[in-house]
Amino acid sequence: MMAGFAELGLSSWLVEQCRQLGLKQPTPVQLGCIPAILEGRDCLGCAKTGSGKTAAFVLPILQKLSEDPYGIFCLVLTPTRELAYQIAEQFRVLGKPLGLKDCIIVGGMDMVTQALELSRKPHVVIATPGRLADHLRSSNTFSIKKIRFLVMDEADRLLEQGCTDFTVDLEAILAAVPAHRQTLLFSATLTDTLRELQGLATNQPFFWEAQAPVRTVEQLDQRYLLVPEKVKDAYLVHLIQNFQDEHEDWSIIIFTNTCKTCQVLCMMLRKFNFPTVALHSMMKQKERFAALAKFKSSIYRILIATDVASRGLDIPTVQVVINHNTPGLPKIYIHRVGRTARAGRQGQAITLVTQYDIHLVHAIEEQIKKKLEEFEVEEAEVLQILTQVNVVRRECEIKLEAANFDEKKEINKRKQLILEGKDPDLEAKRKAELAKIKQKNRHFKEQVEHALQQQKAGGSARRRRLTKAQPEARLAPVPTQGPA
Ligand SMILES: Nc1ncnc2c1ncn2[C@@H]1O[C@H](COP(=O)(O)OP(=O)(O)OP(=O)(O)O)[C@@H](O)[C@H]1O
């Protein structure tokens, strides 16, 4: 008999909360991490998508909070706004008997309201790094100096320098939290950034990784479909049509590589009367939330999204993930297809592959340690709709261009900043300043590294170089705990 939640050291009220939520037995990552966190250790948890990592940190934090409640007790960082809301919900539901006060600090929402909420000392703050760093820089109405827990969900994403680079903001946040704290880091893909992460979690770190031959879940049927670029969309329409014909209750997430493709395809699928909503970063935040809500409640069956939706989102009804483009990184593939086949359910992933992307599929297969199988399609059926699909797609493209989608991006950004009480021109300046600081930090690091190398190599030049580097060190300190 496997241990239940009570055997992990959780109090009876939390065990009862789990029961009410339908969590009967702890999942392996929960079995491993909860006792270690309760013991006061830092924790790095690496487990497959949909395996219950969120509750693995929420439960022990709530227990510790109930023993010594104060605000701000815990800070959770996460890469996307939607994910912040989802995590807050878990805290709220499981922490209901505590009268838990939480606060969500994400971009695209009113800064003043957020500042007020922060000043009311919520127990738990769930934030995206950019907005929290903005608050730290601009107000002194709250402090994260005394937090007990720092959680980084999707920790590898927070540390990597992707299209949204969190490093400068993370440095600001890490400089504002106490050195004495528990740090909990979770993701389905921690290994690439393990070294940086280990620098953050130094308090008897407990490392938990699921030992499994394949890195994606067993209940996931993974297929590829080799298609010429020009007929991709006809295949997409065909796939959806077939799926709709064969299933009563269905939900699909389609991933695209750019906001524009996402928007065009959404318009196109709607023309074919598929109930589709889009989710990408060029939408206003309110529209993003609304789209996700419509999809979650199955009013709309198809969510077409960029990688803003690839990590963490937990929508049980999703049966199929379609990759409209082959992800360039295996890690992105793992997170995308992990939006289905969650918590033991079945699911299917179909990746559209053009002849130029075959090497990407090989890289994916190598990483996940599994071969993708071919998805069989009646080509004749696709050919029948080919012209129609391409004409409709072109119409949608023209319509979108007429709507100045690219220009709107800039205008929207400025509007959003004004709504948030910021001056767009000042913001641009601030961004430039930040870039400068970052550049300086990098320069400083390089100098230090260079000096260290010289030192290693020995020689008399070494002392001179080190003394030269020191004054700069005072000008642009690099927080010791900051990520590389
Ligand atoms: N012990 C449990 N028993 C049954 N279901 C569980 C249990 N723990 C969590 N779940 C459910 O499993 C689903 C997935 O959990 P969660 O979102 O935490 O996954 P995750 O590991 O964070 O995935 P990802 O890497 O995609 O973010 C949720 O709906 C959650 O309610």
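Does segment 9-23 contain at least one residue that is of a type in the set (Val, Ile, Thr), more than 25 Å from Ala175 (Cβ to Cβ) and assigned by the TED database to the domain that holds Phe142? For segment 9-23, residues of a type in the set (Val, Ile, Thr), more than 25 Å from Ala175 (Cβ to Cβ) and assigned by the TED database to the domain that holds Phe142: present.
Residue-by-condition table, conditions (1) within 11 Å of the ligand (Cβ to nearest atom); (2) closer than 28 Å to Asp192 by Cβ:
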{"position": "Ala36", "(1), (2)": "no, yes"}
{"position": "Asp42", "(1), (2)": "no, yes"}
{"position": "Ala55", "(1), (2)": "yes, yes"}
{"position": "Leu59", "(1), (2)": "yes, yes"}
{"position": "Asp68", "(1), (2)": "no, no"}
{"position": "Cys74", "(1), (2)": "no, yes"}
{"position": "Leu83", "(1), (2)": "yes, yes"}
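Condition first: part of a helix (DSSP H, G or I) and crowded, with 17+ Cβ neighbours inside 10 Å. Now tell me which residues in segment 116-129 satisfy that. Within segment 116-129, Glu117, Leu118, Pro129 meet the criteria. Sort out which residues of segment 300-315 are in a loop (DSSP other than H, G, I, E, B), among the hydrophobic types (A, V, I, L, M, F, W, C) and crowded, with 21+ Cβ neighbours inside 10 Å, and write them in order of number. Selection gives Leu313 alone. Each residue in segment 284-317 was checked for being touching a helix residue (DSSP H, G or I) at 6+ places or on another chain (Cβ under 9 Å) and within 16 Å of the ligand (Cβ to nearest atom), and 13 of them qualify. The one condition from (1) within 16 Å of the ligand (Cβ to nearest atom); (2) buried (at least 19 other Cβ atoms within 10 Å of the Cβ); (3) modelled with pLDDT of 95 or more that Leu158 does not meet is (3). When segment 324-382 is limited to residues that are within 16 Å of the ligand (Cβ to nearest atom) and of a type in the set (S, T, N, Q), the one that is nearest to the chain's Cα centre (by Cα) turns out to be Thr340. Restricting Lys409, Lys436, Lys413 to those that are under 30 Å from Ala234 (Cα atoms), outside the structural domain of Lys260 (by the TED database) and at pLDDT below 75 reduces the list to Lys409. Among the conditions (1) within 16 Å of the ligand (Cβ to nearest atom); (2) in contact with a helix residue (DSSP H, G or I) (Cβ under 9 Å, 6 or more places away or on another chain); (3) of a type in the set (S, T, N, Q); (4) outside any helix (DSSP H, G or I), the only one that Ser281 does not satisfy is (1).
Here's a check for you: in segment 85-99, which residue that is over 20 Å from the mean Cα position of the chain (by Cα) and small (Gly, Ala, Ser) is farthest from the ligand (Cβ to nearest atom)? This residue is Gly99.
The values are calculated or read from the model by the stated rules, or taken from the named source; none is laboratory data. None of the values given here were measured: they were computed from a predicted structure. Because the Cβ atoms are built from the backbone with ideal geometry, glycine has one as well, and the counts that use them run over all protein chains shown.
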